[in-house]
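So the structure is just underneath, and the comments pick up after that.
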Amino acid sequence: MSQMPLPPARLVIKIGTSTLTAGTNRLSPPTLVDLARQISNLRTAGNEVVLVTSGAVATGRETLGFPQLPKDIPAKQMLAAVGQPRLIAVYERIFGLYGITVAQVLLTRADLDNRRSYLNARNTLSALLSHQLLPIVNENDTVATEEIRVGDNDNLSALVANLVDADMLILLTDQPGVFTADPRHDPTAQLISEVLTDEIPPSLWEAAGGMSSGVGTGGMVTKLQAANLARRSGTTVIIARGSDPDVLTRLAAGEHVGTHFRALDSAIDSRRRFLLAGSAAGSLAVDDGAAQALRRGGSLLPVGVAAVEGAFERGDTVRILDSSGREMARGMVNYRAADLTRLLRRHSDDIEGLLGYRYGDEVIHHNDLVLL
Ligand code: GLU
């Protein structure tokens, strides 16, 4: 089969506990070195990578010598609190071999549900990527309660893919992909190479039902949930086996490995819908110069903002009105209304002096804006 290397892309790669431990109950440094080598090659080829990792709980358990503990949430949170810094330390050492600096990002669902922390997380990840750092994301297990937990890193990785507008989400697991039945019990089970239909067929959900891996939280069901979620926000999803030699390198070279889920939407359309969903919390009137800059794909700077209406907060969606009062765009604001009124017609260099803080030059970054 002819192969075309994939064009450089923004990738979210999720590594599950079963891959990190090579199926044992301890972290497997050779596995990590091998994955780090592949990720390093992906980056050298121009891809941007965000890693979502599990393994905090497993590392905590290993660190404490596999203690007998109750199977409740505080015990797990304790293990995660012990394991997370050690896990990151291992990543730091291993990626350091390839000259890559890692950064720890801990998130909960509540952080992504809340507009303000959503925007902060998005901007932080984007700053990390633009400085060629490697964000390593895990759930913030030590604070996560039932209400605010994502609960499994498969779904977390789909949320992260949406947060960074990823082109591709690669879920590395201990199975070669999704099967028509559980391959461990059914010898006729077939690997599914591609899911093209808008809905994941019910038979796949059923087949995934019984398949859980030994040490991690997720099974195939949470992987399907993640695929279902991420492909709707414009991300192609691949489920593949982390231990397959050079799995990431081969995927980047355009080889078909694992099960692929076609993206159902473009990332741009999905962001558009996200910004247009729900009501606007206020509006900004902009001058003709700013309107022109926006139409050319630029960001909205304070110098072009003539008036502010509404009591919105940072991260809210607002209307952008041109000089005739017509709504020309909508976007997510970097500054709350009360502060923005002090920035009208001012140069971006004055932001810090006027407010005592700054979230950047832009009132609305062009990535967080849709033209109407
Ligand atoms: N956050 C958990 C950990 O690092 C894992 C959750 C999951 O495996 O899905 O141990």
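The numbers here are math on the coordinates, done by the rules we state, and not lab data. Quick caveat, the model's predicted, so the values are computed rather than measured. So basically every Cβ, Gly included, is an ideal-geometry build from the backbone, and we count neighbours across all protein chains shown.
Given Cβ point charges of +1 (Lys, Arg) and -1 (Asp, Glu) and nothing else, what value in debye, to the nearest 20, does the dipole of the range 1-148 about its Cα centre take?
240
Can you pull the one-decimal nm distance between simple spin-label points at Lys71 and Thr24, each 7 Å off the Cα toward Cβ?
Result for the modelled spin labels: 2.5 nm.
Quick query: amide H of Ala329 versus all other amide H atoms, modeled in the peptide plane; which residues come in under 5 Å with a sequence gap of 5 or more or a different chain?
Result for Ala329 returns Ile320, Leu372.
I need the per residue convex hull volume for the range 245-372, using only the alpha carbons, in cubic angstrom as a whole number.
Each residue corresponds to 150 Å³ of Cα convex hull volume.
Return Arg37, Arg122 ranked ascending by Cβ neighbour count within 10 Å, so the fewest neighbours appear first.
Arranged by neighbour count, lowest to highest, Arg37, Arg122 become Arg37, Arg122.
Using the Karplus equation 6.51 cos²θ - 1.76 cosθ + 1.60 (θ = phi - 60°), what ³J(HN,Hα) coupling, rounded to whole Hz, does each residue of the range 95-106 give in order, writing x for Gly and Pro?
Taking θ as phi minus 60°, the curve returns 5, x, 4, 9, x, 9, 8, 9, 9, 8, 10, 10 Hz for the range 95-106.
Of Pro7, Asn123, Tyr98, whose Cα points farthest to the positive end of the dipole of the range 1-134 (charges on the beta-carbon: +1 Lys, Arg; -1 Asp, Glu; origin at the Cα centre)?
Going by the Cα projections, it comes out as Asn123.
Going by how many other Cβ atoms sit within 10 Å of their own, how do Lys14, Lys76 line up, fewest first?
If I rank by nearby Cβ atoms, fewest first, I get Lys76, Lys14.
Pick out, in residue order, every one of the trypsin sites (Lys or Arg not before Pro) in the range 303-339 that is DSSP loop and has at most 15 other C-beta atoms within 10 Å; say none if there are none.
Passing both the DSSP loop test and the Cβ count: Arg326.
Over the chain, consider all pairs of different Cα atoms and compute the Kirkwood hydrodynamic radius from their mean reciprocal separation; express it in Å, one decimal.
The answer is 22.1 Å.
Can you pull the one-decimal nm distance between simple spin-label points at Leu371 and Ala110, each 7 Å off the Cα toward Cβ?
Result: 4.0 nm between the two label points.
Collect residues whose amide H, placed 1.01 Å from N in the peptide plane, falls under 5 Å from the amide H of Thr173; neighbours closer than 5 in sequence don't count.
For Thr173, the qualifying residues are Ala240, Arg241, Gly242.
With a bin width of 10 angstrom, please list the P(r) values of the range 8-89 as percents of all Cα-Cα pairs, from the 0 bin to the one holding the largest distance.
18, 43, 26, 11, 2
How do Asp34, Asp316 line up, fewest other C-beta atoms within 10 Å first?
Sorted ascending by nearby Cβ count, the order is Asp34, Asp316.
Return the long-range amide H neighbours of Glu48 (sequence gap of 5 or more, or a different chain), with a cut-off of under 5 Å between placed amide H atoms.
The list, which skips near neighbours in sequence, is Ala9, Arg10, Leu11.
When only C-alpha pairs under 8 Å and at least 6 residues apart count, what is the relative contact order of the range 220-372, in percent?
In percent, rounded to a whole number, it is 21.
What translational D, rounded to a whole number of µm²/s, comes out for the range 65-184 from Stokes-Einstein when the hydrodynamic radius is the Kirkwood one over Cα pairs, at 37 °C and 0.692 mPa s?
Roughly 201 µm²/s, to the nearest whole number.
Between Ala306 and Glu199, 0.36 nm times their residue separation minus their Cα-Cα distance comes to what?
33.9 nm
With +1 on the Cβ of every Lys and Arg and -1 on the Cβ of every Asp and Glu, and nothing else charged, how large is the dipole of the chain about its Cα centre, in debye rounded to the nearest 20?
Taking the Cα centre of the chain as origin, the dipole is about 340 debye.
Out of the range 110-207, which GluC sites (Glu not before Pro) are coil in DSSP terms and have no more than 12 other C-beta atoms within 10 Å?
For GluC sites (Glu not before Pro) across the range 110-207 that sit outside H, G, I, E and B with at most 12 neighbouring Cβ atoms in 10 Å, the list reads Glu146, Glu147, Glu199.
Give me the number: length gained by fully extending Arg295 to Thr44, i.e. 0.36 nm times residue separation minus the C-alpha to C-alpha distance, one decimal in nm.
Difference between extended and current length: 87.0 nm.
Which whole-number percent is the relative contact order of the chain (Cα, under 8 Å, 6+ apart)?
In percent, rounded to a whole number, it is 15.
Taking the mean number of other Cβ atoms within 10 Å as a proxy for protection, how do you rank 27-33, 222-228, 185-191, 298-304 from highest to lowest?
222-228, 298-304, 27-33, 185-191
If you add up the charges near Arg250, with Lys and Arg at +1 and Asp and Glu at -1, over every other residue whose beta carbon is less than 12 angstrom from its beta carbon, what do you get?
-2
Which whole-Hz couplings ³J(HN,Hα) result when phi for each residue of the range 241-255 is put into the Karplus expression 6.51 cos²θ - 1.76 cosθ + 1.60, θ = phi - 60°, listed in order with x for Gly and Pro?
Going residue by residue, I get 8, x, 8, 5, x, 6, 4, 6, 4, 5, 4, 5, 7, x, 6 Hz, with x marking Gly and Pro.
Starting from the 7 Å offset along Cα-to-Cβ, what nm value, one decimal, do you get for the label separation of Thr188 and Leu355?
Computed distance between label sites Thr188 and Leu355 equals 6.3 nm.
Report the local net charge at Val52: Lys and Arg +1, Asp and Glu -1, summed over other residues whose C-beta lies under 10 Å from its C-beta.
-1
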